[in-house]
1. From the C-alpha gyration tensor of the chain, pull out the three semi-axes of the equivalent ellipsoid (sqrt of 5λ each), sorted largest to smallest, in whole Å.
2. Starting from the Cα-Cα distance between residue 11 and residue 33, subtract it from 0.36 nm times their residue separation and give me the gain in nm to one decimal.
3. Pull out the extension gain between residue 2 and residue 50, defined as 0.36 nm times the separation in residues minus the alpha carbon to alpha carbon distance; nm, one decimal.
4. With axes computed from alpha carbons, what is the tilt in degrees of helix 48-65 against the longest principal axis of the chain, rounded to the nearest 10 within 0 to 90?
5. Given the pairs 10/69; 13/57; 10/48, which span a C-alpha to C-alpha distance of over 23 angstrom in this model?
6. Out of the total accessible area of the chain (probe 1.4 Å, heavy atoms of protein only), what percent is carbon and sulfur?
7. Just 23, 31, 54 to compare: in a GNM of the chain, with alpha carbon springs under 10 Å, which one fluctuates most?
8. Go through 35, 62, 18 and say which Cα lies farthest out towards the positive end of the charge dipole of the chain; charges sit on Cβ, +1 for Lys and Arg, -1 for Asp and Glu.
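The values are calculated or read from the model by the stated rules, or taken from the named source; none is laboratory data. Model, not experiment: these values are computed from the prediction. With ideal geometry, Cβ positions are generated from the backbone for all residues, glycine too; neighbour counts draw on all protein chains shown. With ligands, DNA and RNA removed, areas are computed over all heavy atoms of the protein, side chains included. Shrake-Rupley method; radii C 1.70, N 1.55, O 1.52, S 1.80 Å.
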Amino acid sequence: MREVGDALRKDPKFGAAILGEMEVWGVERWELWGIGLRGRLKVLPREKDTIRREFLKRLAGAFEARGVKAP
C-alpha cells in the first residue's frame, strides 16, 4: 500500500492533490472471504474520489502482480 501511495504521489497528474505520505494502519478485520486493510492518504477535498479510484486501481494491479488474489 505504501509503494502504491508513493508512486501515486510522484505521478505528475495526481501528485499535486496529495498532501502527505501514505499511512498504513494494518489489518482492520479478518473474515472468511478476505481481510480488510486500513490506511489513509490525505488529499485535497475535491480530489478525494479521483485519487481514491486511481489508488484502488493501482493497488489491485500491485496485488495481482504479486500473486495476491481477491476472494
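1. Rounded to whole Å, the semi-axes are 23, 14, 10.
2. Details: separation 22, 0.36 × 22 = 7.92 nm, distance 3.27 nm.
Here the segment from residue 11 to residue 33 would lengthen by 4.7 nm.
3. Working: separation 48, 0.36 × 48 = 17.28 nm, distance 1.81 nm.
Extra length available between residue 2 and residue 50 comes to 15.5 nm.
4. The angle comes out at about 50 degrees.
5. On the way: 10/69 27 Å; 13/57 15 Å; 10/48 17 Å.
The pairs that break the limit, which is 23 Å between Cα atoms, are 10/69.
6. On the way: 3060 of 5710 Å².
Answer for the chain: carbon and sulfur cover 54 percent of the accessible area.
7. Greatest mean-square fluctuation among the candidates belongs to 31.
8. Ranked along the dipole, the leading option is 18.
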